[in-house]
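Asker: Right, I'll just put the structure down here and ask away after.
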Amino acid sequence: MEHVNHIAVTVIGHDRPGIIAAATAGLSGLGLNLEDSTMTRLRGHFAMMLICSGDCSPRQVEDALAPLTADGQLEVSARFVPDDDGVGPAGHPYLLTVHGGDRTGIVSAVTREVAEAGGNITDLTTRLTGDLYVVVAEVELPAEVDAPALATRLRTVGHDLGVDVTLRAQDTDVL
Amino acid sequence: MSLQDWTEAELGIHGRVLPVMQAPDAVLSAASSPVDPADPETVRLAADLVATMRVSPGCVGLAASQVGVARHVFAVDVSGHPKARTVHGTFVLCNAVVEEATRNEKGREGCMSVPDLTGDVKRASRIAVRGRLPGSGEEVVVETDAFEARALQHEVDHCDGYLFLDRVAGAHAVYARQTYL
Ligand SMILES: [Zn+2]
C-alpha cells in the first residue's frame, strides 16, 4: 500500500484568470488528489484553501506551484495535516446572522458567546458593503445547549454593539 | 371588494415618493406598531408606499419601515414578474399576519434597503395572509403562492423588524449584487 500524506495548501494574493487551473495542474502533476477545497475572493483578492492527499511532501508542493508565485503577486504555502475526518459527534445545526453598522469586535464578541456555550462554528462569511456589516455563521450546538437562551444572550451582545443578531435552527430538507 | 379589483385609486389621494432607508438604519430593525386602517395618516402612508414602489425599478413590495415609518403597513405588486403564479395586482395591507404557510422553497431575494447584497432564503410557497385594506378597513385574506407568497413574507418580516439577511439559508447564501456595465 502506498503511503498517503494529507497536505493543506493555501494560495492567496492578487486575482487573475487561470490561478485555479495552474494550481490544480501542479497538484495533479505530483499525483495528488484534491479532497476538500474552497476558493473565494476577499475584497477582490484571490483566496484558496485545500486539502490534498498523496505521496509527496509540502516542499514538493511548494516547488511545483512556484511558477504561480513568480511575479510576486501570489503566495503559496503547504504543510502536512493529520487525516482528521472525524471531529467528534456532530451537534445540531444552527444559523447565526449578524447585521449592522461596521465596528471593531463584532465577530469576536458574538463568536465568544457561541464558544462559551460549547458551540462550534463550522462555516463563516462576513461582508462589508458601504456601512453595512453582515456576518453569517453555521454553528453546531451540542444537544444539551439551551438554544433559545443562547439566542437571547446573543441578542443582548448585539444590542450592546448596535447590531442585530438572530440564531435559528437550520433545517435540512431531504429530497 | 375583491383584492384583485383594488387599486390605489381607492385611496383617493396621490402618494408622494419618499426616500428609502438603507441598512444599518435602526428603523429597519424595529418591530412596527399596528395602525388604524381608516386613519387618514394610514391612507396617506399607503398612497406614499405605492407611489414610491412604482418609481423604483424592479420593486415588488415596500414596507413602511423602509420609508422610515415604523407602522405595520406594506404595499405589494408582483404583476408581470416571471416567477409569479397567482397575482393580486397592486394592494396595500395593514396589520397583516401570515396565518398558513406550507411548502418551503429556496429563492434569491434582494431588497431596496440592502442594495448591494442578495441572498438565498427558504420561504413557504403557499400562504394565507390576513390583513386590512387602508381606508375601508375591510378585512381580507390573501391566499397566494410562488413569488407573491415570497414577497408577502418578505414585507411582513420588514414589519416585524427583520431583513432577508436574518433568514438566509447558509454561510455562503449571501451574494454581492451583480452590476452589469
Ligand atoms: Zn425588503
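Asker: At 222 nm, what value in deg cm²/dmol follows for chain A if DSSP H runs of at least 4 each add -39500 (n - 2.57) and the sum is divided by all its residues, to the nearest 500?
Answerer: -7500 deg cm²/dmol
Asker: Rounded to the nearest 20 debye, what is the charge dipole size of region A:1-90 about its Cα centre when +1 sits on each Lys and Arg Cβ and -1 on each Asp and Glu Cβ?
Answerer: 400
Asker: Still on this model: For an R0 of 41 angstrom, estimate the FRET efficiency from the Cβ-Cβ distance between A:VAL4 and A:THR156 and round to the nearest 0.05.
Answerer: With a Förster radius of 41 Å, E is 0.30.
Asker: Another question about this same structure. Mind jotting down the distance between the C-alpha centroids of region B:6-38 and region A:5-23, whole Å?
Answerer: 49
Asker: Then there is this: Run the paramagnetic zone check for B:VAL141: 7 angstrom along Cα to Cβ, then residues of region B:1-33 with backbone nitrogen under 18 Å.
Answerer: Output list for this probe position: B:1-4.
Asker: Please report, for the Cα atoms of region B:1-46, the Rg to one decimal and the Dmax as a whole number; what are they, in angstrom?
Answerer: So, for region B:1-46, Rg and Dmax equal 13.7, 39 Å respectively.
Asker: Using the Cβ atoms and a cut-off under 9 Å, what net charge is assigned to the surroundings of A:PRO93, where Lys and Arg are +1 and Asp and Glu are -1?
Answerer: Around A:PRO93, the charge tally is -3.
Asker: Ok, one more. Quick one: dipole size for region A:49-175, taken about the Cα centre, charges +1 on Lys/Arg Cβ and -1 on Asp/Glu Cβ, in debye to the nearest 20.
Answerer: 420
Asker: Additional query: Using the Cα centre of region B:51-108 as origin and beta-carbon charges of +1 (Lys, Arg) and -1 (Asp, Glu), tell me which of B:ASN95, B:HIS72, B:GLY61 is placed farthest towards the positive end of the dipole.
Answerer: About the Cα centre, the residue reaching furthest to the positive side is B:GLY61.
Asker: Using alpha carbons only, how many angstrom separate the centre of region B:40-81 from the centre of region A:144-175?
Answerer: For region B:40-81 versus region A:144-175, the Cα centre distance is 30 Å.
Asker: Sticking with this one: Semi-axes of the equivalent ellipsoid for region B:36-151, please: Cα gyration tensor eigenvalues, times 5, square-rooted, ordered largest first, whole Å.
Answerer: 22, 18, 12
Asker: With only Lys, Arg, Asp and Glu charged, each at its Cβ (+1 for the first two, -1 for the last two), find how big the charge dipole of the protein assembly as shown is about the Cα centre; round to the nearest 20 debye.
Answerer: 760
Asker: Over all directions, the average projected area of the alpha-carbon convex hull for region A:5-81 comes to how many nm²?
Answerer: Dividing the Cα hull surface by four gives the mean projection, 4.4 nm².
Asker: Considering amide H positions built from the backbone, and no H for Pro or chain starts, which residues 5 or more places from B:ASP77, or on another chain, come under 5 Å of its amide H?
Answerer: Amide H neighbours of B:ASP77: B:GLY61.
Asker: State the Kirkwood hydrodynamic radius of region A:56-172 in Å, one decimal place, computed from all pairs of distinct Cα atoms.
Answerer: Value: 16.7 Å, from the Cα pair sum.
Asker: Another question about this same structure. Per DSSP helix of 4 or more residues, -39500 (n - 2.57); summed, then divided by the residues of chain B. What does that give at 222 nm, rounded to the nearest 500?
Answerer: The helix-only estimate for chain B comes to -5500 deg cm²/dmol at 222 nm.
Asker: Between Rg and the Kirkwood Rh of the protein assembly as shown, both from Cα atoms, what is the Rg to Rh ratio?
Answerer: Reported Rg/Rh, Kirkwood definition of Rh: 1.07.
Asker: How high is the relative contact order of chain A? Use alpha-carbon pairs under 8 Å, at least six apart in sequence, and give a whole percent.
Answerer: Answer for chain A is 22 percent.
Asker: Using 7 Å Cα-to-Cβ label points, what is the B:ILE13/A:ASP71 separation (nm, one decimal)?
Answerer: Taking the simple label geometry, B:ILE13 and A:ASP71 are separated by 6.1 nm.
Each value in this text was obtained by applying a stated rule to the coordinates, not by laboratory testing. Fair warning: this is a prediction, and the values are worked out from it, not measured in the lab. Cβ coordinates were reconstructed from backbone atoms using ideal geometry, including for glycine residues, and neighbour counts include every protein chain displayed.
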